[in-house]
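Everything on this sheet refers to the single structure shown next.
The values are calculated or read from the model by the stated rules, or taken from the named source; none is laboratory data. No experiment lies behind these values; they were computed from the predicted model shown. Cβ atoms come from the backbone with ideal geometry, glycine included; neighbour counts cover every protein chain shown. All accessible areas refer to the heavy atoms of the entire protein, side chains included, with ligands and DNA or RNA removed. Shrake-Rupley method; radii C 1.70, N 1.55, O 1.52, S 1.80 Å.
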Amino acid sequence: MGKQHYQITVNGEPQDVLAEPRELLIHTLREQLRITGPHIGCETSHCGACTVDIDGRSVKSCTVFTAQVAGKEITTVEGLGSPDAMHPLQEAFREHHGLQCGYCTPGMITRAYRLLQENPSPTEEEVRFGMAGNLCRCTGYQNIVKAILAAAAEMNASKEAAE
Ligand code: FES
Ligand code: FES
């Protein structure tokens, strides 16, 4: 079967993409839409560098075909914040040195975003468990965990202040 059109929404924008049924979502995002936040690490579902959010769930975008996400809402790290208006997680990773080379970071932040949506006040153990599908070769994880806990505290404080 040749290429077909699929409608997907990425970071709030409807997109018409042309892909073969076997094309992986990570390739459509990076090569066709030039959304290069999600990285390709292992392409075998181990590292989590390609993590995106699909209809409210963390998904490794090297494990799904673009055809499978037709009609769905996809959020990448680009959709969480921008350099001028960073998401609290992005701020916290910067503040607490939650990265070194940065290769794992977009996937880490996108996964952490969903983790905090599901559990806004996680314990350290819950953060480590929830992030177990995302690997980092540089940091030793300590500062990643610290950044996620700090972002959770910050997000909870802003929520309380707004109430
Ligand atoms: S590139 Fe998808 S999990 Fe490693
Ligand atoms: S910061 Fe280098 S892989 Fe995580």
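Between Ala92, Ala19, Ala132, which gets the highest mean-square fluctuation from a Gaussian network model of the chain, Cα cutoff 10 Å? Looking only at Ala92, Ala19, Ala132, the biggest GNM fluctuation is shown by Ala132. The alpha carbon centroids of the stretch 131-146 and the stretch 46-69 are separated by 19 Å.
Taking every alpha-carbon pair under 8 Å whose residues sit at least 6 apart, the chain reaches a relative contact order of 23 percent.
Distance between the modelled labels on Gln68 and Arg94, one decimal in nanometres: 3.5 nm (7 Å Cα→Cβ projection).
Computed from Cα atoms, the angle from the helix 142-162 axis to the main principal axis of the chain rounds to 80 degrees. Relative to the dominant Cα principal axis of the chain, helix 105-118 is inclined by about 70°.
Helix content alone sets the calculated 222 nm mean residue ellipticity of the chain: runs of n ≥ 4 DSSP H residues at -39500 (n - 2.57) each, divided across all residues, give -9500 deg cm²/dmol.
Tell me, what % of the accessible area of the chain is carbon and sulfur with a 1.4 angstrom probe?
Values: 4350 of 8770 Å².
Answer for the chain is 50 percent, counting heavy atoms of protein chains only.
Rounded to the nearest 20, the size of the Cβ-charge dipole of the chain about its Cα centre is 520 debye, with Lys and Arg at +1 and Asp and Glu at -1. Counted by Cβ distance under 15 Å from Arg22, the other residues give a net charge of -3, where Lys and Arg count +1 and Asp and Glu count -1. For the chain, count all C-alpha to C-alpha pairs, find those more than 19 Å apart, and express that count as a whole percent of the total. Tail fraction, whole percent: 53.
Sequence-ordered 3J(HN,Hα) estimates for the stretch 78-89 from the Karplus curve with 6.51, -1.76 and 1.60 and θ = phi - 60° stand at 5, x, 7, x, 10, x, 7, 9, 6, 5, x, 5 Hz, glycine and proline given as x.
Size descriptors for the stretch 88-162: radius of gyration and Dmax over Cα atoms are 11.4, 38 Å.
Within the listed set Asp53, Asp84, Asp16, the Gaussian network model of the chain (springs between alpha-carbon atoms below 10 Å) gives the highest mean-square fluctuation for Asp84.
Other residues within the sphere of radius under 14 Å centred on the Cβ of His5, judged by their own Cβ, net out at -2 (K and R +1, D and E -1).
Only lysines eight or more places from Lys60 in sequence, or on another chain, were considered; those with a Cα closer than 16 Å are Lys72. Taking 20 Å as the straight-line reach from the Cα of Lys3, the aspartates and glutamates in range (excluding those fewer than 8 positions away in the same chain) are Asp16, Glu20, Glu23, Glu31. The stretch between Ala132 and Thr44, if pulled fully straight at 0.36 nm per residue, gains 30.1 nm over its current Cα-Cα span. Taking 13 Å as the cut-off, no amide N atom of the stretch 47-64 comes nearer than this to a point 7 Å along the Cα-to-beta-carbon line of Lys3. Under 20 °C and 1.002 mPa s, how fast does the stretch 4-79 diffuse according to Stokes-Einstein, given a Kirkwood radius computed over C-alpha pairs? Answer in µm²/s, whole number. Roughly 180 µm²/s, to the nearest whole number.
Work through the residues other than Gly48 whose Cβ is under 10 Å from its Cβ and net out their charges, Lys, Arg +1 and Asp, Glu -1.
Net of charged neighbours comes to +2.
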